[in-house]
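Everything below concerns the one structure shown next.
Nothing in this text is a laboratory measurement; each read-out follows from the coordinates by a stated rule. All figures in this text were calculated on a predicted structure; none of them were measured in a lab. Cβ: placed from backbone, ideal geometry, glycine included. Neighbour counts: every protein chain shown.
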Amino acid sequence: MKQPRRSASSGVSKIGDLVPQLLVRYGLHHRRNLEQVEEAWRQAVGEQFAEVTYVKKLFRGTLTIKVPHNAFIQELSFRHSELIDTLRELVKEETIKKIRFEV
């Protein structure tokens, strides 16, 4: 069994130092960040669109949003710059460069 890392000064690891490492190791930081992006999306897009769209994934700065119909793609594409700006303001931990819509 591996021993936890100990700090050089006290010989004991601080829980605050271990938690971020564990989140990264088990991929939980990504899930937490995705939840923040989902909430930001709902705020940015408004209630009308939030009810019928959802965040599918965020990968390499591209946020993929699932929409029910092509008409939604057209409408949301008109607001692309506004949505990007709002998302960047609301979610500082993630870099969102582009929004991709898919049916």
³J(HN,Hα) computed for each position of segment 70-86 - Karplus, 6.51 cos²θ - 1.76 cosθ + 1.60, integer Hz, glycine/proline x: 4, 4, 5, 4, 4, 4, 6, 5, 4, 9, 3, 4, 4, 5, 4, 4, 5
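If you keep only loop residues by DSSP, which GluC sites (Glu not before Pro) in segment 33-82 have at most 13 other Cβ atoms within 10 Å of their Cβ?
Values: sites: Glu35, Glu38, Glu39, Glu47, Glu51, Glu75, Glu82; in loops: Glu51.
Passing sites in segment 33-82 are Glu51.
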Pull up all non-local amide H partners of Ser13: gap of 5 or more, or a different chain, and H-to-H distance under 5 Å with H placed in the peptide plane. Ser7
List every residue whose amide H lies under 5 Å from the amide H of Lys57, counting only residues 5 or more places away in sequence or on a different chain, with H placed 1.01 Å from N in the peptide plane. Thr64
Specify, per residue and in Å³, the volume enclosed by the convex hull of the alpha carbon atoms belonging to segment 35-102. 72
Scan around Phe101 for amide H atoms under 5 Å from its own, H built in the peptide plane at 1.01 Å from N, and keep only partners 5 or more places away or cross-chain. Ile65
Eligible aspartates and glutamates near Lys97 by straight Cα distance, threshold 15 Å, same-chain separation 8 or greater: Glu82, Asp85, Glu89
For segment 42-51, what does the Karplus curve 6.51 cos²θ - 1.76 cosθ + 1.60, with θ = phi - 60°, yield as ³J(HN,Hα) per residue in whole Hz, taken in order and with x for Gly and Pro? 4, 5, 5, 8, x, 4, 4, 7, 4, 6
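Quote to one decimal, in nm, the extra length available between Leu90 and Asp17 on full extension: 0.36 nm per residue of separation minus the C-alpha distance between them.
Working: separation 73, 0.36 × 73 = 26.28 nm, distance 2.58 nm.
Working it through step by step, the gained length comes to 23.7 nm.
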Using the beta-carbon distance between Phe78 and Glu35 and R0 = 41 Å, what value does 1/(1 + (r/R0)^6) give for FRET efficiency, to the nearest 0.05? 0.90
